[in-house]
Amino acid sequence: MVTAEGATAETPVSAWAPLRIAVYRNLWLALLAANIGTWMQTVGAQWLLINEPRASTLVALVQTASLLPVLLLALPAGALADTFDRRHLLISVQLFLVAVAATLTLLTATGRMPPALLLTLTFAFGVGQALTLPAWAAVIPELVPREQLRSASALGSISVNVARAVGPAVAGVLIARLGVAPVFGLNAVAFLVFAFALVRWRPGNARAVEVPERFTAALRAGGRYVRHSPIVRRLLRRALVFVIPASALWALLPLVASRRLGMNSSGYGLLLAALGAGAIGGGLLLPWIRTRMSANQFLLVAGALYGTALLVVASVRVVPVVLVALLPAGLAWVTVLANINAEIQLYLPGWVRARGLAVYQVVQGGGQAVGAFAWGVVADAAGLVSAFVAAGALMLLGAVTSQIWPLPDLRGVNRDPATYWPRLDLAHEPDPRVGPVLVVLTYTVRPEREREFLDAMDLVRGSRQRTGAMRWGLFREGEARDRFVEVYLVPSWDEHLRQHGGRLTGADQAAEERARDLADGETEVRHLLPAAAGPAMSDDREAP
C-alpha cells in the first residue's frame, strides 16, 4: 500500500454534520420518503405471495426481482451518470417509477395481480433503482465536503434503515386494515416527492464535461478502471463475502414471522423495525466505532454479531429474543456496508466515480439477489432452520477471513485530481476518434537503481491501465544495457487526451515522479498514431 508521507490522523466528524447543508438535507429527506415507499412496496409484494404454492421461493424471488436489475444494469447506469446530467437522469427515473407504482396500484386494486406480473413489475422497480443508485451516490461528493463523506454514507444507510423500520410497520398496519393496494399507492406518492425535490434543486456549479465520452467507450473505461485497481477489488470482495450470507435474513424473514413465530403482517413489520432500529444505531455509532476500532477489527466483530443473530433466529421461537437478536444484526449490516461504500467513494476519482460505485452496487445488489434466491431454494429443500444455520456458519467463516483479506488503509492516499503532464506539442492535431495510439517512453537507468525502478514502474503500470491503457509493457533495449522502453496502447486519441486532462490523481503523480527520479536525464516521449491509409496494426493472416 502506497501512502503519502505526513498523513495525519483521522478527525471524527459528527454523523449529523452533512444535514447542516440545506441542499443535502432537503434531498436526503425526500430520498427518505422514497425509501419508505420502497420498503412498503416490498412488504406488500411479499405478503401477496405468502399463501401461494412454493411460497418460500416466490417470497425470496421478490428480493431477487428487485435486486437483479442492479446486477444487469448498474454499470450502464454508472456510465450514463458519468456522461450526462445526473440531475436530469434522476428526475426522469423517478417519474418512471411513479408510473410503475401507479400501474401496480391499479392492477392490485382490481384483483388482476398474478405472481408472474407482480414479479415483473417488481423487476421494473429494480430497473429504476439500478438507474438511481450510481447517479445519486456520485452526486453526494458534490453536495458535501470530502471530510463529511463517511458521515453522508452513514446517513444514507440511516435513511434506508429508518425506511426499514417505518415502511414495513406502516405497510403492516395498512395491509391488515385496507389491503395491499393502498401500500402501492403510497409508494407512487413517495417517488413523486423525490422527483419534486430534484426538480427544485438547482446545482450552483453544474458538473461540466467538455466533450462527453461515448457510451460504449465510457463503459469500457469504467470496467478497465475497476479491473486494474487492486484496492477497489479488495473492497468489493469484502462486500460480497458479507452480503451473500447476510441476504438470508432479509429474504426469509417473512417466513420466520409467519411459520416459526406465528405473526401476521404487522408482526413481520415489527421484525423489520427491529432490524432497522439496529441499523440506525449502527449509522449513528459509525464515527465513534471508527475512532476505537480498526476497519478490520469491526469487520470481525460485525460478522460475528450477524452470524450469531442468524443462529439465534434459526433456533429460537420466542418473539422478544428474536427481536433482541435482530438489533445487533441491523447494526452489523450498516457498519460494514456503509463503511465499504464510503471507502469506495473516497477512493474513486470524480471522472469514474459513478461507474465504480455502479460496480459496487452490482456486487452488493447482485450478491443479495443471488443469495436471496439461493437461500430460498435451500429453505424449500432442507427447511428454514437449515438455511439459517448454513448462512450463520458461512457468515462466521467470512468474518474470520477479514484477517486474511483485510480492508486497505486509505488514509494518506492522495486522490485529488492532478494535471501534471506537459502540454502536448505535436506536428499536427489528430482527430479525437483516431486510434489506437501507441505511447512510447524511454528511460535511462543506472544498474544500481534498476530494482527500485522496476518496482516503481509496477505502480506506473497500474496508473496507465486504470486511466485508459488497453495494453502496457516495459522492455529493455537490446543495444543499450541501461535503457528501458515503456509502451502502452490507448484506444483513441480522445482517451489519451482525457488521461492528460483529468483522469490522473495525486497518487498517480507520485508514482510516476518516483519512476522518473530514478532515471537519468529527461524521459523521451513519443506518440505513434495510425497512418492516414490502412489499418494501424495487422495480424499474420494473408493479405487479400
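The values are calculated or read from the model by the stated rules, or taken from the named source; none is laboratory data. Predicted model, so just to flag it, every value in this text is computed and none were measured. Every residue, glycine among them, receives a Cβ derived from its backbone with ideal geometry; neighbour counts consider all protein chains shown.
Sub-7 Å Cβ pairs linking a first residue in the range 170-189 that is farther than 20 Å from Ala99 by Cα to a second residue that is of a type in the set (Phe, Trp, Tyr) and part of a helix (DSSP H, G or I), at least 6 apart or interchain, are Gly172/Tyr268; Ile175/Trp47, ordered by first then second residue.
For Tyr420, the conditions (1) of a type in the set (Phe, Trp, Tyr); (2) under 12 Å from the mean Cα position of the chain (by Cα); (3) assigned to a loop (DSSP other than H, G, I, E, B) are fulfilled apart from (2). Total residues in the range 303-354 satisfying the condition of being free of Cβ contacts under 8 Å to residues at least 12 places away in the same chain and of a type in the set (D, E, K, R): the figure is 0. Please go through the range 375-407 and give me each residue that is within 26 Å of the chain's Cα centre (by Cα) and hydroxyl-bearing (Ser, Thr, Tyr), ordered by number. Thr401, Ser402 - these are the residues of the range 375-407 that are within 26 Å of the chain's Cα centre (by Cα) and hydroxyl-bearing (Ser, Thr, Tyr).
Specify which of the listed residues (Val324, Val336, Val316) is at pLDDT 90 or above, within 29 Å of Gly383 (Cβ to Cβ) and β-branched (Val, Ile, Thr). Break it down stepwise before answering.
Values: Val336 fails: at pLDDT 90 or above; Val316 fails: at pLDDT 90 or above.
Val324 is the lone residue from the list that is at pLDDT 90 or above, within 29 Å of Gly383 (Cβ to Cβ) and β-branched (Val, Ile, Thr).
Taken over the range 102-157, the residue count meeting the criterion of being among the charged types (D, E, K, R), in contact with a Ser or Thr (Cβ under 8 Å, 6 or more places away or on another chain) and surrounded by 23 or more Cβ atoms within 10 Å (Cβ to Cβ) is 0.
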